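What follows is a short report on a single structure.
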Amino acid sequence: MSTPATTLRRLTGGSTPATTPDGAQDLRPDRKKPTRWFNLGGLLVFVVMAFPVYWMLVSAFRPGREIRSYDQTLWPSSFTLEGFQSAINSNFFWTSVRTSLIVTTVTVVAAMLLALLTAFAIGRFRFYGRKPLLIVLVLVQLLPPLAMLIPLYLQLNRMGGLNQYWALIVVYTVSALPFAVWMLRGFIINIPRELEESAMVDGCTRMGAFWRVVFPLIGPGIAATSVFSLVNTWNEYLLAYVVMQDNERWTLPVWLMSMTTQRGTNFGSLMAASVLIALPVVIFFMIVQRKMASGLTSGAVKG
């Protein structure tokens, strides 16, 4: 009669099972070997995804003659700021910066405020039509933006919204709401109701319990959702190109595409302008990332 150890040794080809630090036998001594290949695969994917960003940064500092050369190298022979100077001094750059800042800031603030209140109502209260509303929020995300371009243009034209900031702000806010509501709802429903009830027993109102207890705990959700709304609004091109027909009302993506003319493209200025456009988003993400880390413990309850 074979013992369990003999049976296990026969199944594993005669090898002795490894022993874990706590004395137990590890039934899969080779379970860490595939991790090396996963790491190599992840590193390869990272290199493929990061290489365009690296090439953009390097090209922004390359001299013009080296960019136009057929002999390209991974590292420039010399660095220059001519591309940045040309981009900053080009027509309508600063007006485009102003337009993008106004539209993006108002859109993110409005979208987060409306989405936060809507997600709290959906996550905490039971009302008629709640489930159909959640289904509609998902279905709206399936509509391609290109299919709504002509109806939006006609409606904004009747309302006098062409070349107006409020037109882009309203459309961008409505576009960001479904995803933002769905994201924040997931954070809110994971917060125990007992925390709010304890605050209300101590004298807080429903709104006071929300701002003092729930709001600090969903800081990571607000940060992640705001980054999504910021990136989509800051980089949107098609609607801004159609609505903002005046050159002085261009957003930065529309202004960036205007650098390609019939006479050609100054790739040094184009790459430098792309770096300048991406820089505010990176800075915002770094600031919000700190808030995400601190928001995990800012709403902790002392026992």
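The values are calculated or read from the model by the stated rules, or taken from the named source; none is laboratory data. Predicted model only: the values in this text are computed from it and were never measured. We place every Cβ from the backbone using ideal geometry, glycine too, and count neighbours over all the protein chains shown. Side chains included, ligands, DNA and RNA excluded: accessible areas come from the protein's heavy atoms. Shrake-Rupley method; radii C 1.70, N 1.55, O 1.52, S 1.80 Å.
Of all residues in segment 179-201, count the ones that are open to solvent by 50 Å² or more (accessible area, probe 1.4 Å) and either part of a helix (DSSP H, G or I) or more than 20 Å from residue 113 (Cβ to Cβ) (or both).
Count: 12.
What are the residue pairs meeting all of these: first residue in segment 130-141, first residue loosely packed, with under 13 Cβ neighbours inside 10 Å, second residue of a type in the set (Phe, Trp, Tyr), Cβ atoms under 9 Å, and 6 or more apart or on different chains?
Within 9 Å, the pairs are 138/182; 141/179; 141/182.
Out of segment 35-60, which residues are in contact (Cβ under 8 Å) with a residue 24 or more places away in the chain and among the hydrophobic types (A, V, I, L, M, F, W, C)?
Within segment 35-60, 56, 57, 60 meet the criteria.
Would you list the helices (runs of 4 or more DSSP H) that sit entirely within segment 202-263 and hold 2 or more residues that are crowded, with 16+ Cβ neighbours inside 10 Å and assigned by the TED database to the domain that holds residue 110?
219-235, 238-243, 252-257
Quick check on my filter: what residues within segment 138-177 are closer than 11 Å to residue 239 by Cβ and among the hydroxyl-bearing types (Ser, Thr, Tyr)?
Listed by number, the residues that qualify are 153, 172, 175.
Say we look at segment 150-163 and pick out the residues that are touching a residue at least 60 places away in the same chain (Cβ under 8 Å) and open to solvent by 30 Å² or more (accessible area, probe 1.4 Å); which of these is nearest to the chain's Cα centre (by Cα)? Steps first, answer last, please.
We begin by selecting, within segment 150-163, every residue touching a residue at least 60 places away in the same chain (Cβ under 8 Å); these are 152-153, 156, 161-163.
Filter once more, keeping what is open to solvent by 30 Å² or more (accessible area, probe 1.4 Å): 152-153, 162-163.
Working: 152: 25, 153: 27, 162: 28, 163: 27 Å.
Only one residue tops the list, namely 152.
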